[in-house]
Amino acid sequence: MRFMPAKLLTTLLVGVALMMTVPVSAQTAAAPLQYTLRFPAPHTHYVEVEARVPAAGRSEVELMMAVWTPGSYMVREYARHVEGVEATGTGGRALAIDKSRKNRWTVSTGGADVVTVRYRVYGREMTVRTNWVEAGFAMLNGAPTFLTLADGLTRPHEVTIEPAAGWATSMTGLAEMPGGPHRYRAPDFDTLVDSPILVGNPAVYEFTVGGKRHYLVNEGESGTFDGARAARDLETLVAAHLRLWGQLPYDKYVFLNLITEAGGGLEHKNSTVLMTTRWATRTRRAYLGWLDLASHEYFHAWNIKRLRPAELGPFDYENENHTRSLWIAEGVTDYYSELVVHRAGLSTQEEYLDGLSNQIEQLQTTPGRLVQSVGAASFDAWIKYYRPDENTVNTAISYYTKGFVIGFLLDARIRAATDGTRSLDDVMRLAYDRFAGDRGYTPAQFQAVAEEVAGVSLDAFFDRAAESTEELEYADALQALGLRFRPAAQSIGSGARAWLGLSTRNDNGRLIVTQVRRDTPGYAAGVNVDDEILAIDDIRVRADRLDNRLEQYRPGTRITLLVARREALVRLEVVLGAEPARAWRLEVDPTATSAQARRRGDWLAPAVAN
């Protein structure tokens with residue numbers, strides 16, 4: 001979750017939706033917006049916000065709330081949770097305030113130098129991109145919390161928190177201000193949006209890597225989640241990322257880990273919000289999943305928060321910011337998240353190859369890979385990725401999944417072209433040196449860096465992988481690293497089992513179809529999503545016994561499927577297919593040469609920046 005760099009402070013933006021009418025140099029030196037956050041009744045899920053807004057004697061000022069948050073590419077209309085907006089001027093005199101747009105308010109100042117704006121924000125959406133307020137703690141993101149001057153994004157923003165009764169701690173990536181606890185400062189609105197705040201009584205673990213402070217902040221630890229173990233392994237993981245990149249681009253880093261039986265992660269410039277289950281440290285599989293999530297969001301401290309697509313900064317917080325490069329920003333990050341966990345010694349080679357196999361298998365069994373390119377998937381994230389439906393699997397591809405696989409194939413191609421002397425690690429470091437910060441990269445510039453490192457043309461590779469719907473080629477990558485796909489005879493699913501190609505759920509004893517993939521027996525027969533499967537060959541099928549019933553048939557058998565569709569009975573003739581074998585499981589090739597084994601070892605070994 002899954003998720004942009006600091007913005008230009010020296011450029012006057014003209015002709016965009018967020019036009020700045022005051023020169024940047026003047027705004028930087030101007031008085032800050034000052035917020036006070038209060039929680040008088042947190043059990044009602046509200047935070048009360050008081051904002052002292054510099055007006056500089058202007059007759060009116062316009063306030064804006066972001067409609068989306070960087071790292072989560074969908075317009076979310078945060079203003080829908082704002083209520084009771086009011087403004088006062090000199091001496092507490094009430095000022096007229098009018099809502100001018102869905103996310104803007106105009107305040108008539110009466111010539112005041114400062115106006116005070118008060119409002120409440122409802123927060124009860126347990127995701128990494130929204131707000132949650134309850135009796136025990138509050139998790140606040142910047143975009144859905146703070147109104148700001150529409151023409152004042154580059155001026156400083158200061159935050160004072162008044163914790164609810166019984167709350168003792170606030171944690172955030174924001175810089176601390178003198179004058180007492182719970183006081184923070186952001187040099188601009190971008191930093192404020194990029195710095196979530198947790199208030200309550202979390203368990204806090206501190207460790208130092210590379211001379212920099214790091215914090216694991218566990219909300220909801222409650223004796224079940226093993227915080228001490230997680231902090232130790234995070235320290236090891238951060239050190240492995242440092243070996244890869246060669247430097248830590250922040251003064252402190254905060255892992256805000258909400259143990260709330262939710263999921264997901266969102267990256268920020270020197271922090272991240274993670275959500276997980278209290279049982280995440282209890283099983284090997286679940287714990288590796290949590291480490292992979294933490295590794296993914298932490299890798300973003302370099303890739304996307306500083307090294308970014310050119311389109312993702314400066315941000316337009318009121319409109320979509322399209323780019324075709326999310327497969328690099330998110331997919332390549334996903335590739336490295338599991339790889340660095342392994343390089344840190346936190347997973348075995350077999351566990352790593354199993355994770356890589358899962359990504360390849362997910363891609364190769366998604367029909368949408370033949371419909372949508374990964375570049376198009378990146379561009380359409382705003383309207384597709386966060387709004388999936390039952391047909392998404394047939395029409396779209398995840399830029400996370402395909403980007404992960406492309407990252408692997410590109411890494412292997414570079415290692416083969418240079419006989420293991422260069423790799424995708426070198427590409428990421430060189431791209432970071434050239435494009436991190438205010439510059440950003442275009443797809444052509446990223447490709448040019450990859451070609452410079454590889455020493456060969458990659459035109460055909462990038463055209464096919466990023467902008468076409470042709471199948472990816474795996475043979476060269478596997479040969480370079482001494483890997484192979486497990487032979488079919490050893491794969492799970494030999495084609496002997498009958499297969500419908502449907503996904504279903506047990507809905508209180510009703511067997512409901514939830515997905516019909518293209519080019520499957522169910523798709524060909526006309527099975528619909530939301531059909532209730534009642535019987536096969538006029539014999540009732542219990543909701544928990546479909547697999548058992550299909551075991552009684554052989555592939556190629558013609559059956560009659562009785563379904564209820566909007567309460568009407570429908571009979572469908574289906575020719576059962578053969579369950580596909582799991583053909584995408586990687587293993588070490590027993591015939592690999594010493595050169596292949598050497599390249600594989602260099603790939604999986606801890607990387608050290610030159």
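The values are calculated or read from the model by the stated rules, or taken from the named source; none is laboratory data. Nothing here was measured: the structure is a model prediction, and the numbers come from that model. Here the Cβ positions follow ideal geometry from the backbone for every residue, glycine too, while neighbour counts run over all protein chains shown.
Taking the criterion of being under 15 Å from the mean Cα position of the chain (by Cα) and either among the acidic types (Asp, Glu) or in a loop (DSSP other than H, G, I, E, B) (or both), would at least one residue in region 340-350 satisfy it? No.
When 419, 411 are checked against the criterion of being buried (at least 18 other Cβ atoms within 10 Å of the Cβ) and of a type in the set (Asp, Glu), 411 stands alone in meeting it.
Which residues, taken from region 427-448, are farther than 26 Å from residue 596 by Cβ and not in a loop (DSSP other than H, G, I, E, B)? Result: 431, 432, 433, 434, 435, 441, 443, 444, 445, 446, 447, 448. Applying the condition of being in contact with a strand residue (DSSP E or B) (Cβ under 7 Å, 6 or more places away or on another chain) and among the aliphatic types (A, V, I, L, M) to region 329-371 and asking which residue is surrounded by the most Cβ atoms within 10 Å (Cβ to Cβ) yields 332.
Does residue 198 satisfy the condition of being closer than 25 Å to residue 163 by Cβ and surrounded by 14 or more Cβ atoms within 10 Å (Cβ to Cβ)? Judged against the criteria, residue 198 is a match. Name every residue in region 150-162 that is over 14 Å from residue 191 (Cα atoms) and surrounded by fewer than 24 Cβ atoms within 10 Å (Cβ to Cβ), in order of residue number. Of everything in region 150-162, those that are over 14 Å from residue 191 (Cα atoms) and surrounded by fewer than 24 Cβ atoms within 10 Å (Cβ to Cβ) turn out to be 151, 160, 161, 162. What about residue 466, is it outside any loop (DSSP other than H, G, I, E, B) and out of contact with any helix residue (DSSP H, G or I) (no Cβ under 8 Å at 6 or more places or on another chain)? So residue 466 fails the test. For region 244-296, the candidate set comprises residues that are more than 18 Å from the chain's Cα centre (by Cα) and charged (D, E, K, R); within that set, the residue that is farthest from residue 423 (Cα to Cα) is 278. In region 363-399, the qualifying residues are those that are part of a helix (DSSP H, G or I) and of a type in the set (Phe, Trp, Tyr), and the one that is nearest to residue 444 (Cα to Cα) is 379. Scoring residue 128 on the criteria (1) surrounded by fewer than 16 Cβ atoms within 10 Å (Cβ to Cβ); (2) more than 20 Å from residue 52 (Cα to Cα); (3) among the aliphatic types (A, V, I, L, M) leaves a single failure, condition (1).
On inspection, residue 319 fails the criterion of being polar (S, T, N, Q), under 18 Å from residue 234 (Cβ atoms) and out of contact with any helix residue (DSSP H, G or I) (no Cβ under 9 Å at 6 or more places or on another chain). Residues that are of a type outside the set (Asp, Glu) and over 18 Å from the mean Cα position of the chain (by Cα) were ranked within region 307-316; the one that is modelled with the highest pLDDT is 310.
Can residue 323 be described as within 16 Å of the chain's Cα centre (by Cα), in a helix (DSSP H, G or I) and of a type in the set (Val, Ile, Thr)? Considered against the rule, which asks whether it is within 16 Å of the chain's Cα centre (by Cα), in a helix (DSSP H, G or I) and of a type in the set (Val, Ile, Thr), residue 323 comes out as no. One residue stands out in region 73-107 among those that are hydroxyl-bearing (Ser, Thr, Tyr) and out of contact with any Gly (no Cβ under 9 Å at 6 or more places or on another chain): the one that is nearest to residue 141 (Cα to Cα), namely 78.
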